[in-house]
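Chemist: Following this message is one structure expressed as structure tokens.
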Amino acid sequence: MYAADGRAYDVQARTLLADLCFLDEREADQDSVDQVIDGYGKFGVVGPFTALFGSEGRYVEEVASVFAEQFHRLGYLAVDRTLSKDAWSELMAGVRERFNEHDVRRSEVDAMYGTPSLIVGQRVLCYAPDDGSAWVFFDCFAEAVRRYEPATGAYTFEPDHDPLVRCVRTPAKTFDAGLILTVYGKVLRWGPGWWLRHAERLSPEQKAVAAQLREVEAEDPSTALRARPAEPFG
């Protein structure tokens, strides 16, 4: 199913799922799906992603992954693999510690957890448990490197074939409660100075530096904006 952006995909997927449930007389299942989808807010499934990373993104793959979970739950989508109870428990037990404020590439996710249940657009890795409960999603994002080629008068673009994970979405009552941002994700969200207010694992020395820089910013915001501090995680 093709869509120009996440909002368009949202509309198409909702319509398809509603049609299938109507034809199969599954009104109760349709209601349960609507509750999940409505939980993303008045701007639809794409809304939280736009709020995180800006309106310039398309977010088709992220929105598609949300609906893929619902299609699978209702039996309309088959996946290549589901995780056993033990494998799922291992994933859930360590996922926040492994990804929160760490940089991890897609290949490392494969090495940690094995073949995904489903891959959407080559960059969203979906893992589904055997028991049919909510999935975990690893959202990768590839930035092409733009480089000028001397004597050609043109630029070349080098794709990233092993993109970084920018966020992990885990089962939770709300989108924010289940969200885990890597260092890369936090830089995309707040810029290189993200650690001044949004870091969760600063050393005492780093906390002191952050506090001093916040004081400087409060006294002269223009100075802080012009000289963005380098992030402290190396």
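Derivation of every value follows stated rules applied to the coordinates shown; laboratory data play no part. None of these values were measured; they are calculated from a predicted model. As a convention, Cβ positions derive from the backbone with ideal geometry for all residues, glycine included, and neighbour counts pool all protein chains shown.
Chemist: If you take the beta carbon distance between residue 112 and residue 27 as r and set R0 to 45 Å, what does 1/(1 + (r/R0)^6) give as a FRET efficiency, to the nearest 0.05?
Modeler: Values: r = 40 Å, r/R0 = 0.88.
With R0 = 45 Å, the Cβ-Cβ based efficiency is 0.70.
Chemist: Now, a different point. Take every Cα-Cα pair in the range 24-170 and report what % of them are more than 20 Å apart.
Modeler: In whole percent, the share of Cα-Cα pairs in the range 24-170 beyond 20 Å is 55.
Chemist: Run the quick spin-label model on residue 190 and residue 38: label points 7 Å from Cα toward the beta carbon, then report their separation in nm to one decimal.
Modeler: Simple spin-label model gives 3.3 nm for this pair.
Chemist: Starting from 0.36 nm per residue, how many nanometres of slack lie between residue 105 and residue 131 once their C-alpha separation is accounted for?
Modeler: Gain in length upon complete extension: 6.6 nm.
Chemist: At a Förster radius of 41 Å, what calculated FRET efficiency corresponds to the Cβ-Cβ distance of residue 87 and residue 18, to the nearest 0.05?
Modeler: So the FRET efficiency works out to roughly 0.75.
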